[in-house]
1. Whole Å is fine, so just give me how far the alpha carbon centre of the stretch A:127-169 lies from that of the stretch B:153-214.
2. What order do you get for A:145-153, B:241-249 when each peptide is scored by the mean count of other beta carbon atoms within 10 Å, highest first?
3. Of all trypsin sites (Lys or Arg not before Pro) in the stretch B:250-313, which ones are in loop regions per DSSP and have a Cβ with at most 12 other Cβ atoms within 10 Å?
4. State whether the stretch B:234-316 is rounded, prolate or oblate according to the following rule on the C-alpha gyration tensor (a ≥ b ≥ c being the square roots of its eigenvalues): a/c under 1.5 gives rounded; otherwise a/b larger than b/c gives prolate, and the remaining case gives oblate.
5. Using 0.36 nm per residue of separation minus the Cα-Cα distance, give me the extension gain between A:Arg170 and A:Ile242 in nm, one decimal.
6. How many angstrom lie between the Cα centre of the stretch A:56-81 and the Cα centre of the stretch A:182-217?
7. Please list B:366-376, A:8-18 highest first by mean number of surrounding beta-carbon atoms within 10 Å per residue.
8. Using the number of other C-beta atoms within 10 angstrom as an exposure proxy, rank B:Met308, A:Met133, B:Met89 with the fewest first.
Amino acid sequence: MFGNQTILVLAGTLLLGVAAGMVGTFAILRRRALAGDVIAHAALPGLCLAFLAFHSRSILVLLGGALLSGLLGAVTVALMKRLTRLREDAIQGIVLSTFYGAGVALTRSIQNHYRNESGADLETFIIGRAATMLQADVLQIGVVVLITAGIVLLLYKELKLLSFDEQFCRVQGWPATSLDVLLMLLTAITVVVGLPAVGVVLTAALLIIPPAAARFWTDRLSVTMLIACAVGGFSGIAGTLISARFSGLPTGPLIVLTSTVLFIVSWLLAPHRGVLWRSHSMDDMEQYLPWRELPDGVPPSVKAEEG
Amino acid sequence: MTVAQVPIPFQSLTSGLAGWLEVPPTDVQNAFWTIAVGALCAICCGLVGCFLVLRRMSLLGDALSHSVLAGIAGVYLVTGNVEPIPMLMGALLAGVATAMLTQFVHKAAALPEDSSIGIVFTSLFAFGVVVVSQAQHVHLDLKCVLFGDLSFAGVNLYPTLGRLWPESFRTLVPALIVTLLFLTLFWKELRLSSFDPTLAMTLGFSTMLMHYLLTTVVAVVTVAAMEVVGLLVVALLIVPPAIARLLTDRLSTMLWLSCAAGVSCTTTGYLLALRWNSSAAGLTAVIAGAELLVAILVSPKDGLLKRMAGTIRLRIRICAEDVLAGLFRRQEHSISPETAAVASSADCYQLAGNGLLAGAALRWLKSRQLLRVEGPTMTLTDKGLLYGRSLVRSHRLWESYLMENFNLPEDHLHVPAEEMEHFIGPELQQQITEELAAPAEDPHGRSIPDINNT
């Protein structure tokens with residue numbers, strides 16, 4: 001029914017979705033949704049430098065460099081938060097754009113320098129190219145899934161405590177900082193193995209959208225994580241199948257769009273939290289629109305009380 | 001060749017410069033116009049970016065630059081061609097839609113704001129990539145969106161108003177006009193709602209309206225600048241204002257500084273890109289990061305260098321004061337308290353902690369005429385004696401205070417007092433004296449020296 005390559009890509013994207021779902025659940029709960037985005041962008045210059053230093057396109061070398069510079073980006077964010085009076089959103093934007101800029105400049109230089117060598121096509125890492133996934137890529141993702149699942153199972157209780165009540169976790173004497181670093185490390189590894197398939201710009205979506213969709217269905221961490229893995233895995237499979245059916249459609253963006261559709265469906269249909277369940281009236285919706293404040297400056301809620 | 005007859009502004013200037021530098025005139029002309037385009041870009045972004053940074057909306061700038069692609073793609077899907085005006089309208093619409101969707105997802109779905117930004121812009125960008133990758137149109141190029149083409153911005157000259165201007169001016173100049181109009185018309189409201197949204201609300205300004213107006217202007221600027229610098233427009237939107245924020249506390253100064261920082265980034269970035277045959281937009285972002293690093297170091301209010309210098313000065317003072325207090329104690333213990341204690345310079349170094357700062361501490365003392373050097377020995381001057389007496393008084397008062405109020409064991413009193421003695425001024429001495437009813441002795445039974453009647 002499918003070719004070997006399609007099955008390989010299916011396995012890869014499924015596993016990637018599962019890994020991202022697990023890590024992303026903690027990222028969302030720790031209010032660090034965009035940390036993955038920063039790491040992904042920050043990974044680009046490391047990838048290029050690894051290529052320049054070792055002159056090899058071996059995926060392990062490239063991803064090693066990517067992991068190092070991604071972590072450097074995360075450390076820079078933490079340092080700047082401590083040493084300057086800039087706010088976290090600005091710091092994330094600064095680190096993200098500076099590292100990404102360095103990456104773009106390096107890829108362009110490499111492209112111009114090795115114009116005749118087709119192997120040096122590093123720009124594919126920006127959007128990703130899942131269709132050319134190799135067996136080694138899938139194996140790496142599989143190893144990452146195993147490691148992540150192992151750590152999450154072993155430290156489930158501690159990570160749960162950290163995610164919901166960091167202060168209490170510290171007071172109880174758990175090594176909160178080390179656990180935090182561990183989560184950051186898992187995020188970075190997941191992001192980096194996802195880069196060849198989904199690319200620098202869209203990897204963050206894999207971490208954010210499936211857990212956000214899962215949050216509509218349940219309040220339990222374990223169930224959220226299972227649903228997030230399911231949504232992530234399903235998006236991977238569906239995105240790959242669609243791009244295999246209509247040749248030429250890029251796989252990474254389709255995976256993201258599938259998970260967006262699942263997010264919207266969850267939002268509409270989920271029990272208790274879903275829009276349909278709560279039977280929102282149009283009035284409820286209107287308060288989120290820009291014209292909700294009436295011309296004389298009285299918010300509609302006050303108007304309603306007066307009326 | 002009708003195009004050749006249209007005059008190019010500043011042509012005599014650029015060709016004059018080319019003659020002086022002995023390079024082809026077209027090179028100088030291209031560089032001149034590229035730098036002009038980059039500067040215009042940087043000024044637009046730097047002005048609106050200040051408000052993004054101040055209002056904690058930096059990530060919205062990032063999101064806008066991604067979702068603009070969805071607007072372009074949407075217009076292409078509907079109309080099937082790439083006319084500039086509909087493209088701009090679509091991009092603008094996508095920008096404003098991003099801001100509204102982000103707020104909507106944040107509030108209606110009860111998700112944290114950064115998550116909702118992440119969901120909205122990645123989805124829109126994915127949609128844009130899918131459409132653009134299918135488009136068989138030469139003018140719809142994903143690479144242009146991703147990287148921009150600042151290096152060629154000065155090459156494409158088009159006749160407008162009887163002169164040849166760079167093509168990007170057609171979008172950048174209107175964007176600058178919109179930005180300046182917005183700033184002058186809503187200056188008061190913007191300033192108030194950026195610094196004190198609650199007060200703005202109670203005074204009857206609509207912060208929500210300002211939010212969406214600002215978002216619209218940012219979308220206009222982003223769309224115009226993206227042609228030139230691509231996704232890295234976010235570097236110009238956030239980094240120069242952050243540099244300016246570190247250097248000043250005044251909004252008007254911040255705007256100027258932000259523009260200046262942005263222009264220097266694009267100019268240096270372009271020139272380095274020429275030199276290294278690399279991406280101008282990428283190097284612009286790198287230069288911006290480097291400038292920010294410098295700003296973090298030299299920021300006049302809380303720069304790292306200033307903080308480090310402050311710490312070192314404090315530690316020198318503490319070492320010096322340890323010498324004074326030590327010499328005073330020595331004089332107390334000596335047989336005749338009237339003659340000043342004499343110490344060898346090795347002793348003084350030891351009193352100063354023998355550390356890296358000991359020499360600096362002794363120079364500090366000599367320059368303030370607290371310590372007199374007589375051949376190989378050192379003695380306290382009268383001024384130094386008074387200073388040391390005050391320090392020892394602070395020390396023993398603090399020990400008494402700790403004993404009285406915290407009931408610490410006797411051997412736990414010295415260490416905290418050794419730290420506190422450097423920070424107790426005359427007022428605090430007076431206060432402790434009054435509170436303890438002018439004690440004559442500290443808990444160890446040593447007399448507390450008086451500094452008033454000596």
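Since every read-out is calculated from the coordinates, none of them should be taken as a lab result. All of these numbers come straight from a predicted model, not from anything done at the bench. Cβ sites come from the backbone with ideal geometry, for glycine too, and all protein chains shown count toward neighbours.
1. For the stretch A:127-169 versus the stretch B:153-214, the Cα centre distance is 44 Å.
2. Most protected by this proxy first, the peptides run B:241-249, A:145-153.
3. The qualifying sites are B:Arg250, B:Lys301.
4. oblate
5. Residue separation times 0.36 nm, minus the Cα-Cα distance, leaves 21.3 nm.
6. The distance from the Cα centre of the stretch A:56-81 to that of the stretch A:182-217 comes to 15 Å.
7. A:8-18, B:366-376
8. B:Met308, B:Met89, A:Met133
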